[in-house]
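K.L.:
Before we start, here is the structure in question, set down as structure tokens.
Taken together, the values in this text are just the output of simple stated rules run on the coordinates, not laboratory data. Just so it is clear, the model here is predicted, and its values are computed rather than measured. Quick reminder, even Gly has a Cβ in these numbers, built from the backbone with ideal geometry, and neighbours come from all protein chains shown.
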Amino acid sequence: MNFDQEADTPEQARFRREVREWLEAAMAGRGDLKWSTQWSTRGNEVEYEFRRDLARKLGGKGWLFPTIPAEYGGGGLSVDHQFVLEGEISRHGLGLSQVFYTLARIVVPVVHQWGNEEQKKRMLPPLCKGEVICWQVMTEPQGGSDLATLTTVAKRVGDEYVINGQKVMVGSTHYPDYLWTIVNTNPGGERHENVSWIYVNAHTPGVTIQPLPMIMGMKNIVFFDDVHVPVDDLVGGENNGWRVSTTHLELEHDGAGSVSGDPAVDRLIEYCTENSDAMGRLIDQPDVRRILADAIVDGHVLKMLQTRNLWFRLQRDPVPYGGVQTRYLRRMVGLAYSQRFQEILGYEGLLKDLSVDEATDFDYVSRRGPATLHGGGTLDTDRLQFARRLGLGRRQRESAPVTI
Amino acid sequence: MDLRFSEEQLMLQDVVARFVHQKAPETEVPRWFQSGVTHQPDLYRQAADTGWIGMCVPEPLGGGGFATMDAGIVFEQLGRSPVPGPLYTSAILAPRLLGELASPDQQLRFIPATCKGDLVWAVGLSDSSRRFTENDITLAAAEAGSGVVLTGKKRFVHDALAADMLLCSARSARGTILLAVDLHLQGIRIAPHEGFLSSLYDVEFDQVEVGENDIISRSPSCWHDTETALEVTLPILSAYKVGACQRVFEMTVDYTNERVVFGQPIGRFQRVQDHVVELTNHMDAARWLTYEALWKVDSGRPYRAAVHEAKAVASQSYYQVCNYANMVFAGPGTSLDHPLVPHTVTSRNLYGFLGDPNYHKEKMMDALFPVGSGT
């Protein structure tokens with residue numbers, strides 16, 4: 001066993017030097033991004049442009065999607081190279097999949113797994129090269145955790161599908177180029193056997209996007225009114241969408257893994273080290289140390305399990321329940337943080353501070369506790385999935401879908 | 001990075017697993033716990049013959065020269081039944097303290113015999129009921145010539161009745177000292193505790209003379225040296241708890257599929273599933289922090305924060321894993337013949353051994369952010 005993320009093969013060592021040098025040049029002067037482990041730039045257009053440009057540069061080298069073949073816009077590299085890239089970009093506070101807001105991190109592996117050759121050659125390069133923003137558009141007002149109750153209908157008319165319906169709580173602040181959405185392609189059909197995935201140009205007439213402010217930030221409602229989409233944009237086969245969803249959901253449910261960690265506690269430690277009250281420095285006070293210790297332990301456990309997920313996935317031997325486990329823990333730990341931060345910081349723990357990244361802003365930490373308990377399914381669907389993967393009350397354990 | 005065991009380590013794991021399966025079957029272990037004396041001399045002797053007692057001791061002193069990670073692999077398997085007795089104290093902890101604090105003569109006198117299985121050790125350091133502090137040492141050592149006379153008691157000593165020797169701290173006029181005491185000496189009484197615990201004793205001393213040869217350390221830094229020396233052994237003890245958690249996890253998952261009520265296996269019920277989910281999370285937390293701590297010790301990285309963190313989490317996890325298992329097993333899991341019972345007892349019995357989780361979290365914080373240090 002070796003927990004050293006930089007215990008490299010000779011080729012990894014060579015590649016690491018190349019990546020490190022390149023990133024140091026590309027990130028010069030952007031030490032302020034050290035904790036930017038998520039896509040949000042909170043309306044800072046200068047930062048947003050920098051990150052879009054960085055994504056295009058990374059994508060141009062094939063480093064955003066290192067293991068996708070070069071003919072599809074990826075790097076044509078090995079999992080060993082991917083592991084190096086994940087580690088190196090995390091040294092700058094970023095994650096490969098979160099340079100800017102795009103759900104390409106999910107859409108690319110799904111299209112690569114389920115798309116036909118023509119689709120892969122057409123759809124993947126702009127996504128892999130960081131040139132386009134793609135939202136995943138799944139949830140419907142009546143659906144929530146019950147994704148299969150889709151009422152957004154795509155009706156086949158000649159060489160097109162005509163889509164009508166509504167999706168909610170999706171996307172972000174910048175208008176998307178593409179919508180990766182799941183629709184009902186056979187309203188009279190059997191549940192789960194009547195859904196399909198379709199890749200929609202967001203500028204198609206009939207697509208209307210309406211902002212939806214929520215406590216964790218800006219989301220949107222997407223209306224489809226007679227939106228005409230070529231049949232060639234349906235991916236994975238008509239009415240085969242539930243099987244395609246297994247790959248999609250595994251990635252959405254933290255199955256990808258990560259080495260990045262959550263920097264919120266790092267900032268709390270920094271704050272407690274730099275700030276004092278009448279009792280002295282915060283970090284020297286026994287009650288603060290007790291609460292901090294629990295936060296540090298939880299954060300460390302979560303990071304270890306996320307790293308485990310990434311490493312075993314790259315070995316093509318994913319931990320069957322690993323994704324849902326860390327997703328569930330991440331949310332529970334996030335909820336615990338929101339209280340622990342307030343216990344240590346009091347009202348300071350609720351204040352917005354635009355000078356730091358959102359991930360480490362105490363205001364956001366306090367919001368995200370309650371606000372991130374639902375995205376992509378609730379804590380309860382996490383545990384339901386977890387139980388299936390453990391094989392509780394079933395003859396066979398459900399295995400993890402292929403994601404790489 | 002490589003998060004798998006090597007081929008050799010998997011073979012070692014397999015050898016220990018078979019040993020545990022044969023020598024400490026789950027059908028037997030509950031009976032040992034019911035008898036009140038859990039130590040199994042034959043099993044201990046066979047473990048010594050196999051080379052597992054003193055496994056981390058350097059080969060010239062009769063040990064196996066194992067890496068800490070390999071000792072962790074052995075102890076993870078021992079935790080499955082759980083195999084009781086002074087295995088950690090005698091195979092790991094005492095040899096480590098002697099190796100670090102004893103004189104070369106004392107090491108030659110004690111360590112090879114320990115590795116052969118001829119000297120069995122109990123260890124009594126702090127006398128606190130829940131923490132692990134020098135201030136709580138109560139056993140008094142009065143200077144008498146070149147030796148000392150012991151009066152008082154060592155509290156909450158694991159497996160004292162199974163041991164030949166006690167490695168213990170005492171309070172002298174010059175500060176804390178560390179002694180090797182022959183438990184057969186006149187004036188020593190081993191008093192068992194009764195309660196929701198196992199093989200836990202007070203060792204009482206009535207004017208017991210200990211000669212200079214058996215004083216392991218009377219250095220002014222004796223307690224600090226003791227605390228520091230034992231840190232590398234903490235993740236081995238944590239690994240024992242990881243193996244215990246793993247076995248409880250397996251038996252619990254099996255039970256959710258076998259036990260049928262209301263016409264279906266209880267694993268179909270989401271409330272039952274939730275218990276197993278939490279159980280699994282505690283198990284994996286203990287597992288990965290323990291493996292990382294073992295690796296840090298072996299690879300020469302700073303390990304103080306990690307070993308204390310792993311000890312805190314493994315103790316809490318074992319306790320919680322047993323709690324969740326009891327929620328799933330309900331009545332049958334509390335029958336004294338049930339294999340869950342030795343785990344439930346051991347999870348409590350080891351919870352505060354060498355300091356409880358709160359103590360170890362404080363030590364972790366002290367390692368990371370010493371109080372009053374600059375930024």
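K.L.:
What is chain A by shape, rounded, prolate or oblate, if you read a ≥ b ≥ c off the alpha carbon gyration tensor as root eigenvalues and call it rounded for a/c under 1.5, prolate for a/b larger than b/c, and oblate otherwise?
P.N.:
Verdict is prolate for chain A.
K.L.:
Turning to a different aspect of this structure: Suppose R0 equals 25 Å; then what is the FRET efficiency for residue B:164 and residue B:335 from their Cβ-Cβ distance, rounded to the nearest 0.05?
P.N.:
The value I calculate is 0.10.
K.L.:
If you don't mind, another one. From the phi of every residue in the range A:310-316, what ³J(HN,Hα) in whole Hz does the Karplus formula 6.51 cos²θ - 1.76 cosθ + 1.60 yield, where θ is phi - 60° and glycine or proline is x?
P.N.:
Listing the rounded values in order: 4, 5, 5, 5, 5, 7, 6 Hz.
K.L.:
Give the cross-link partners of residue A:129 among the lysines, using a straight C-alpha distance below 22 Å as the criterion and excluding same-chain residues fewer than 8 apart.
P.N.:
A:57, A:61, A:120, A:121
K.L.:
Give the order of A:394, A:368 when sorted by the count of other beta carbons within 10 angstrom, beginning with the fewest.
P.N.:
With the sparsest Cβ surroundings first, the list reads A:394, A:368.
K.L.:
Does the range A:117-199 come out rounded, prolate or oblate, given a ≥ b ≥ c as the square roots of the eigenvalues of its C-alpha gyration tensor, rounded meaning a/c under 1.5 and, failing that, prolate meaning a/b above b/c?
P.N.:
Taking the square roots of the gyration eigenvalues as a ≥ b ≥ c, the range A:117-199 is oblate.
K.L.:
Which lysines have a Cα lying under 23 Å from the Cα of residue A:303, excluding residues fewer than 8 positions away in the same chain?
P.N.:
The reachable lysines, counting only those whose Cα sits under 23 Å from residue A:303, are A:34, B:241, B:296, B:311, B:361, B:363.
K.L.:
Moving on. As a check on your grasp of the helix formula, calculate [θ] at 222 nm for chain A: sum -39500 (n - 2.57) over DSSP H runs of n ≥ 4, divide by the residue count, round to the nearest 500.
P.N.:
That calculation yields -13500 deg cm²/dmol at 222 nm.
K.L.:
While we're here: Give the cross-link partners of residue A:155 among the lysines, using a straight C-alpha distance below 21 Å as the criterion and excluding same-chain residues fewer than 8 apart.
P.N.:
Counting by Cα, and skipping residues close in sequence, residue A:155 has these lysines nearby: A:167.
K.L.:
Could you tell me whether the range A:1-111 comes out rounded, prolate or oblate from its Cα gyration tensor? Rule is a ≥ b ≥ c as square roots of the eigenvalues, rounded for a/c under 1.5, then prolate if a/b exceeds b/c, otherwise oblate.
P.N.:
Taking the square roots of the gyration eigenvalues as a ≥ b ≥ c, the range A:1-111 is oblate.
K.L.:
Let me ask another. With a Förster radius of 51 Å, plug the Cβ-Cβ distance of residue B:103 and residue A:91 into 1/(1 + (r/R0)^6) and report the FRET value to the nearest 0.05.
P.N.:
After rounding, the FRET efficiency stands at 0.60.
K.L.:
Put a dot 7 Å past each Cα toward the Cβ at residue B:209 and residue A:166; how far apart are the dots in nm?
P.N.:
9.5
K.L.:
Mind checking which of B:351, B:255, B:291 has the largest fluctuation in a GNM of chain B, springs on alpha carbons under 10 Å?
P.N.:
For chain B, modelled as a Gaussian network with Cα springs under 10 Å, the answer is B:255.
K.L.:
Let me ask something else about it. In what sequence do B:275, A:203, B:338, B:282 fall when counting other Cβ within 10 Å, fewest first?
P.N.:
If I rank by nearby Cβ atoms, fewest first, I get A:203, B:338, B:275, B:282.
K.L.:
Rounded to the nearest 0.05, what FRET efficiency do residue B:221 and residue A:11 give with R0 = 51 Å and r taken as the Cβ-Cβ distance? Could you check?
P.N.:
0.60
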